[in-house]
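Notes follow once the structure below has been shown.
The values are calculated or read from the model by the stated rules, or taken from the named source; none is laboratory data. Quantities reported herein were computed from a predicted structural model and do not represent experimental measurements. We place every Cβ from the backbone using ideal geometry, glycine too, and count neighbours over all the protein chains shown. With ligands, DNA and RNA removed, areas are computed over all heavy atoms of the protein, side chains included. Shrake-Rupley method; radii C 1.70, N 1.55, O 1.52, S 1.80 Å.
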Amino acid sequence: MLRSGGPVQFPSGFGGQFNIVNAVGTFTMSTITASSTVAPNSTGNTASVTTANGGTVTFSWTITGGTITSASNITSITYTAGASGSVVLRATAYKNGTNGATFPNGGVGITDTKTVTIVTCTAPAISTQPQSVGVPAGTGVTLSVGATGTSLTYQWYIGTSGVTTSPIGGATASSVNVTPSSTTTYWVRVSNSCGTMDSAAATVTVTPIAAASFYLLTPCRILDTRGGAPVPANGVMNLVVTGKCAVAAGATSAAVNVTVVNPSTSGFVTLYPGPANTVLPVVSTINYTPGRTLANNARITIGVDGSINIFNAASQPLDFLIDVSGYFK
Amino acid sequence: MNKHTVSRLVLFTLAGLLGAVSAAAQTGPYQFFAVAPCRVVDTRNPNSTNGGPIFNAGTQRDFAIRGNCGVPTSAKAVSLNVTITGATQGSFLTLWPSGGARPVVSTINFTFSDPALANGAIVGLSTSASDLSVYNSSGNVHVILDVTGYFQ
C-alpha cells in the first residue's frame, strides 16, 4: 500500500511520498502517538501517525532535541532522545503534484506536533515496606508498598523476596488484595527504565477458625461517637475492642447491639475484622434511614489484632454506638 | 389491684411462658466459630439456590448455608444478619431449620416504607442440602443473609 520515495533526511528528519492505491475522499491523518516522556539519551522511542484516504501526498517527519534512527514505514519512526529538555516531533503531509490528495477544508496539507519531555530517570527506592499481618481464615487483607522513582511499575510475588517463580497475576499496582487459605509470604518488585528494587517480604499469618465459648459481660457501651469523631462518610473507623468493657484478648467474636443515632441520610454499616487494611467484605450489619435511630443485634468477628472495622456506606458521617453483652473465646 | 393480685398475675404469666418454652426441643451445648463476614444469600442475584428470585407473598424458600462462607457441613446453627430490601408490603420473615414445620415465630418485621432493614439472628440448620428455610408472609421482598459465625 505505502510506497516510500522522495527526500530522506536522516538524522534530523525523515519523509517521503506515498500513494494510497484506489483511495478516494479527503486525506486524513491522526495526531502523533508517542510517549509523553522519555529518558535522557534513551534509544528505541517510537512515534507514529495513522493516515487514510486520498491519493498521493508528500510526507515528512522532523525532530528537534533528538535523532530519528529508523522507520518501519513512513508513518512510524524510531528515535533517540537528547540529553535534556524536550523532543519536538512533527509529522507533515502535503499535496503532491496536480493529482495529489485533497485535504480537509480545502487546505494543501496537514501537520501535527507533539512535545515529548525528557525526564531524568530516578531509580526505584522503597519508602514504606509491606507489613506483615495476622488475619482470621477467609479474611482478605491489602498489602501496600510505598516507593519513589520515575514511572514506576509493580509486580507482586508469592515467596521469598527476590525469587520470581510465583508472580501473582494482575497484581501490578502498589497494593494488592490477598486472601490466603494458609500462612503465605509476599513481596513486590518495583521497576522502571533505570532499575529495579525488591521489597522485604511480608507474611500474612492465617489464624484457623477455632472453637469458642461464650463469656457473658455486664452490658457495656464500647463505642459512642456522639460528641467525638463520627464514623466518616464512605469511610472506615478502626476500633480496638479487646481490653475494653472486659472483652478478653484473644476473643474471636463479640455479641453486640449496634445503634445508629439520628442519621442525616440513608446508608448502611458493615462491621468486619481488623486490622485497618482488611479488605472490606460485601456484607452489611445495619441499614438506616434519615432521622430514624435504630438498633440491631449482631455477633461481630474480631480481628487477630483485637480490632474491628466500622464502614459507613453513606454520603454523611454517622453517630454510632456499640454495646457489648458478651464475647466468644 | 392490691399487691397480692399483681404477684399472682406475674406468676401466672411466667408459668404460661415456661409452659410454652418447655414445648421446644433442646440440643447442645455447642461452641461458636467466628468466620470472616460473608454474604451467603442474596435474592437480588440471578436465580439460583442462594440467589433469586424475589420472595412472593406466603412463599417459603430453602437455602444452602452449610458448605458456603466457611460454614462446615457439621454446623448445627448459624449466626446471621438478615436484611430485607424492596418490600412491597408490610410483612415478616420466619427463619427456621429446613424440613420441620414452620414455627410460629418472626425473625424480622418490616414495612413497605423501609428501603432496607436488618436484624441479627441465630438459627438452627438441618442436615438437608438446603438447610435453612425462610418464609415471607406478605407482598414481595428481597432477602439477604450475611454469616458471621456458626455453632457446632
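Here is how the numbers come out for the structure above:
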| quantity | calculated |
| --- | --- |
| Qualifying residue in the range B:64-81 (condition: open to solvent by less than 50 Å² (accessible area, probe 1.4 Å) and more than 23 Å from residue A:209 (Cβ to Cβ)) | no |
| The range B:82-95, subset part of a loop (DSSP other than H, G, I, E, B) and surrounded by fewer than 18 Cβ atoms within 10 Å (Cβ to Cβ), residue nearest to the other protein chains (Cβ to nearest Cβ) | B:86 |
| Inter-residue pairs, beta-carbon under 8 Å, first without any contact (Cβ under 8 Å) to a residue 40 or more places away in the chain and under 17 Å from residue A:128 (Cβ atoms) and in the range A:187-206, second small (Gly, Ala, Ser) and open to solvent by 30 Å² or more (accessible area, probe 1.4 Å), 6+ apart | A:198/A:161; A:198/A:162 |
| Long-range neighbours under 6 Å by Cβ, at least six apart or interchain, first residue at pLDDT below 95 within the range B:50-62, second among the β-branched types (Val, Ile, Thr) | B:52/B:43 |
| Any hit, the range A:289-309, residues being polar (S, T, N, Q) and open to solvent by 70 Å² or more (accessible area, probe 1.4 Å) | yes |
| Residue match in the range B:124-138 (condition: among the aliphatic types (A, V, I, L, M), within 30 Å of residue A:207 (Cβ to Cβ), touching a strand residue (DSSP E or B) at 6+ places or on another chain (Cβ under 9 Å) and in a strand (DSSP E or B)) | yes |
| Filtered residue count, the range A:206-232, keeping only those that are assigned to a strand (DSSP E or B), open to solvent by less than 70 Å² (accessible area, probe 1.4 Å) and more than 12 Å from chain B (Cβ to nearest Cβ) | 6 |
| Index of the failed condition, residue A:247 passing every other in (1) surrounded by fewer than 22 Cβ atoms within 10 Å (Cβ to Cβ); (2) more than 11 Å from chain B (Cβ to nearest Cβ) | (1) |
| Residues of the range A:255-267 classified as crowded, with 20+ Cβ neighbours inside 10 Å and within 35 Å of the chain's Cα centre (by Cα), total | 4 |
| Residue under evaluation residue A:257, criteria (1) touching a residue at least 24 places away in the same chain (Cβ under 8 Å); (2) in a loop (DSSP other than H, G, I, E, B); (3) not small (Gly, Ala, Ser), criterion not met | (2) |
| Verdict on residue A:235 being surrounded by fewer than 17 Cβ atoms within 10 Å (Cβ to Cβ) and more than 34 Å from the chain's Cα centre (by Cα) | no |
| All positions within the range A:207-223 that are out of contact with any Phe, Trp or Tyr (no Cβ under 8 Å at 6 or more places or on another chain) and either in contact (Cβ under 8 Å) with a residue 60 or more places away in the chain or of a type in the set (A, V, I, L, M) (or both) | A:207, A:208, A:216, A:219, A:220, A:221, A:222 |
| Residue match in the range B:119-132 (condition: under 27 Å from residue A:138 (Cα atoms), within 14 Å of another protein chain (Cβ to nearest Cβ), of a type in the set (A, V, I, L, M, F, W, C) and open to solvent by less than 20 Å² (accessible area, probe 1.4 Å)) | yes |
